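Data first, discussion second: the structure below is written as C-alpha cells.
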Amino acid sequence: MMTDEDEMFYAHPESVEGLLQRGRGLGAIRAAQDPQQAAPFVYDSIRRDWSGSFPDERAIYLARLIRDLRLSPTPVAEQLSGSSHEHARATDVLVVLALDGSNEARDALRAHIRDGAHWMYVLEEVAHHWPTPWWDDLGDIARTRIVDVLEPPLTNPAWIRFGIDISHPVPRPSRRDLSGHTIDALYGLLTETQQPKNRIRVDALRELRHRDALDALLPLVPTLVTPDDTRLLPEIYRAVEHLGPAAVPAAHAWAHHEFPRLAYLGATTLADQLVPEAIPLLIDRLAELRRTHTWCGPDAGARRLARFGSAATDALTHLRWFWLRTPHSYERAAYLQALAAIDRTGLDYAHTESLWDCEENSRLQAIDQAPDSPLTRARIADLRDDPMETPDVRSAAAGRAAGSQPFSRPGSGAPSRNA
C-alpha cells in the first residue's frame, strides 16, 4: 500500500525540484547556484524513480550533480540495500561516480558484490562500464555466490570472464509457421472471426508483408483490431508503412474515422507521405495529448510535424509546452528538433540549456546547435573532458571544440531562465 510519503507528484516544472525530477538542464544549472537547497531533491531523484519511461536517462545527470554540488555519495551507497528499483538507481549513479574517481562509490559497489543482496545486478553493471581490472579480482566471490542462485544469469562480460555457465533456454513467443499458406489462405486468416483471432492474424500479416502481398489489405484495416476492440493489431502499422503512397487514398478516409486509433493511423500515414492535410490532424492530436497530460507518444507526432517545416507553425505552442514540462526526458530531443525545424526563433537559450540535459541525444543536439559564446565553449570543453560522459558526447564535443574559437573560462554566469 502506498503511503502519503511514497505517493509521487511532480513538482512545478519551473521549480528546482520539478526541473531535477524531469532531468532538465536548467535544473542542474539552478541546483549549482544553491547546492544546500537542491541536495534533498537530488537524493530524492535517486531514491524515487522520477524518470517518466524506461528509455529515460538519469545516471550521468544525477552523478554529475553529486559531484558538482559536492554532495556525499554515502546516502546513495546506503540505498544499495533498498528495494529492487532503489538499488538499481543507486548502482547506476555509483558506477558513474566511480568512473570520475570516487573511491567511496567504487568501494561501496565492490562491497555489495561481496555481501549484498543485489550483487548480481551490481556486478553486471560494473562489468559493462568499468575497466576490467576494477572487478576482475571478484571472480572467486562470484563463483561462490552463484551456487545459491536459482535462475542462471543472462550473458554478461563478468560471467563469461569468470567461466560461469550461462546456458539456459531462451523463451520465445510462439509464432505459427505460415510459410506454406497461399496468399488467399493468409487473407482468409485475416477475416477469421473465431478465436484465437489475435495471434494468428498478426502472424498472417507478417507473412503477407514478407511476401510483399499487401495489395488487398487496405479495405480490411478497419476490421483488424484486438479482441477487446480497443486497438489496431500491432503489425498493422508496419504493414501500412510498407505500402507507402498506395495507402494514401484509404488514409484520407481513416483520418476522419470515429475510432481514434484508426484516425491516428490515417493522419500518420498522410504525414509520412508529406500530405499537407496531415498537419492540422497531427496538431489536433498534439493538443489533445497536452490537454490530457498524456506524456507517452507526442514525440512521434513532433517528428512528423518537423518534416513539414514552417507549414507547421501552429504546432509551436504545443511543442514548447511539451519540451518544458514532459517527465519523459527521452522525448525532449524530438520536441527541440521539431521546434528548430519549424522556426528557430528564440531557441538559442533552449539549445544552450540542453548542454546540461540528462539525455545524451539532447546534449548531442545542443553541442551541434548551441550558439557560440564563452559559456557554451566552456561547457563543451567540460563535456569533452568529463570521464562520466558517453563516448559519443565526448567525441562530438571534441569536434565542436576543435572548430570553435579558443576556450575561455567565464568567471561566472549560466542560463537562469526558462526557454
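Report whether or not Ala142 is more than 22 Å from Tyr43 (Cα to Cα), among the hydrophobic types (A, V, I, L, M, F, W, C), open to solvent by less than 70 Å² (accessible area, probe 1.4 Å) and part of a helix (DSSP H, G or I). Taking the combined requirement at face value, the residue satisfies it. Looking for something touching a helix residue (DSSP H, G or I) at 6+ places or on another chain (Cβ under 8 Å), part of a helix (DSSP H, G or I) and under 25 Å from Arg48 (Cβ atoms) - is there at least one such residue anywhere in the range 366-386? Looking through the range 366-386, none of the residues is touching a helix residue (DSSP H, G or I) at 6+ places or on another chain (Cβ under 8 Å), part of a helix (DSSP H, G or I) and under 25 Å from Arg48 (Cβ atoms).
Going through the range 328-346 one residue at a time, which ones are assigned to a loop (DSSP other than H, G, I, E, B) and buried (at least 19 other Cβ atoms within 10 Å of the Cβ)?
Within the range 328-346, His328 is the sole residue that qualifies.
Among the residues of the range 95-110, are any under 26 Å from the mean Cα position of the chain (by Cα) and modelled with pLDDT under 95? No: zero hits. Of Ala300, Ala250, all but one fail to be under 16 Å from Ala338 (Cβ atoms) and either under 29 Å from the mean Cα position of the chain (by Cα) or modelled with pLDDT of 95 or more (or both); the exception is Ala300.
Let's see how each residue does on (1) in the same structural domain as Ala98 (by the TED database); (2) of a type in the set (A, V, I, L, M); (3) within 24 Å of Thr268 (Cβ to Cβ):
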{"residue": "Ala315", "(1), (2), (3)": "no, yes, yes"}
{"residue": "Ala333", "(1), (2), (3)": "no, yes, yes"}
{"residue": "Arg344", "(1), (2), (3)": "no, no, no"}
{"residue": "Tyr349", "(1), (2), (3)": "no, no, no"}
{"residue": "Asn361", "(1), (2), (3)": "no, no, yes"}
{"residue": "Leu375", "(1), (2), (3)": "no, yes, no"}
{"residue": "Thr390", "(1), (2), (3)": "no, no, no"}
{"residue": "Ala398", "(1), (2), (3)": "no, yes, no"}
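All conditions in (1) at pLDDT below 95; (2) within 30 Å of Gln37 (Cβ to Cβ) hold for Asp68, with the sole exception of (1). Starting from the range 379-399, keep only residues that are among the basic types (Lys, Arg), then list their pairs with residues that are open to solvent by 30 Å² or more (accessible area, probe 1.4 Å) and modelled with pLDDT under 95 whose Cβ atoms are within a distance under 9 Å, requiring at least 6 positions of separation or different chains. If the second residue must be open to solvent by 30 Å² or more (accessible area, probe 1.4 Å) and modelled with pLDDT under 95, the pairs left are Arg379/Ala414.
Could you tell me how many of the residues in the range 85-100 are closer than 13 Å to Leu123 by Cα and of a type outside the set (A, V, I, L, M)?
The qualifying residues number 3.
The values are calculated or read from the model by the stated rules, or taken from the named source; none is laboratory data. Note that the coordinates shown come from a computational prediction; the quantities given were computed from them, not determined experimentally. With ideal geometry, Cβ positions are generated from the backbone for all residues, glycine too; neighbour counts draw on all protein chains shown. What goes into the accessible areas is simple: the full protein's heavy atoms, side chains included, and nothing from ligands, DNA or RNA. Shrake-Rupley method; radii C 1.70, N 1.55, O 1.52, S 1.80 Å.
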